[in-house]
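J.: Handing you a structure now.
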């Protein structure tokens, strides 16, 4: 059994969803990885048990306010967290994105970006699971229309996902489960991944040091790349 933890990140022009996928045997290792990263963060004055939320970590907000103005410390903690999650045996990451203006320009009535990227992500995960002969349990971060997303995903197993590579997602156990990231180390790992890809792919860094930090952080994840794609319709 595989567990796929899913989170999203977006700008006005780009939408991304990412999955951090691990075998069932790695669930305890994820918890240990996130716990170790939190313990490391505490050495920089971050409050005990702070949720690994990438935006707050990098901007020094909320539970991560101790890092405000301390870019090197934030990058050090982010790096340690990524090193921990890629070390979980069997871990893989999958990312699907879409260019929203191009989507709207090409189609008169396009699917909403979240629906589209989630469908593509489920297809990628299903392809991987088929290849290694596993089934998949999906745990996604809570979203406003999560009931509709769960129902739509379950319907894919009846009629297919559509498109040029329609799939009935035979490896995926339905329904999709939605959870709170503060209670899920796996969802926190997915948040770190998808935020970083958004910064890498969609954000123009004006500060050379910030640009190098994003580049270096993204490189840490290379060992667990499954598929990483932004669709430009």
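All of the numbers you see were taken from the coordinates with simple rules; none came from a lab. Bear in mind that the values here come from a model prediction, so they are computed numbers and not experimental data. Positions of Cβ are generated from backbone atoms using ideal geometry, with glycine treated the same way; all protein chains shown enter the neighbour counts.
J.: Given the rule -39500 (n - 2.57) for each run of at least 4 DSSP H residues, summed and divided by the residues of the chain, what is its mean residue ellipticity at 222 nm, to the nearest 500 deg cm²/dmol?
T.: -15000 deg cm²/dmol
J.: Treat the count of other C-beta atoms within 10 Å as a stand-in for reagent exposure and order 220, 98 from fewest to most.
T.: 220, 98
J.: Which of 90, 60, 45 moves the most in a Gaussian network model of the chain with Cα springs under 10 Å?
T.: 45
J.: Within segment 166-183, find all residues whose amide N lies under 20 Å from a label point positioned 7 Å from the Cα of residue 158 along Cα-to-beta-carbon.
T.: It comes to 166-177, nothing else.
J.: State the label only: which of [x] 20.4, 65; [y] 17.5, 53; [z] 16.5, 50 corresponds to Rg and Dmax of the Cα atoms in Å computed from the shown model?
T.: Computed from the coordinates, Rg and Dmax of the Cα atoms in Å corresponds to [y].
J.: Computed FRET efficiency, Cβ-Cβ of residue 65 and residue 40, R0 22 Å: what is it to the nearest 0.05?
T.: Working from the Cβ atoms, E equals 0.80.
J.: What does the C-alpha gyration tensor say about the overall shape of segment 162-213? Classify as rounded when a/c is under 1.5, otherwise prolate if a/b is larger than b/c, or oblate.
T.: oblate
J.: Okay, next question. Taking 0.36 nm per residue of sequence separation and subtracting the Cα-Cα distance, how much length would be gained by fully extending the chain between residue 215 and residue 106, in nm to one decimal?
T.: 36.1 nm
J.: To the nearest 0.05, what FRET efficiency results for residue 182 and residue 206 with a Förster distance of 30 Å applied to their C-beta separation?
T.: 0.40
J.: Whole Å is fine, so just give me how far the alpha carbon centre of segment 1-61 lies from that of segment 78-130.
T.: 16 Å
J.: Suppose each label sits 7 Å from its Cα in the direction of the beta carbon; what would the residue 115-residue 12 distance come out to in nanometres?
T.: 2.4 nm
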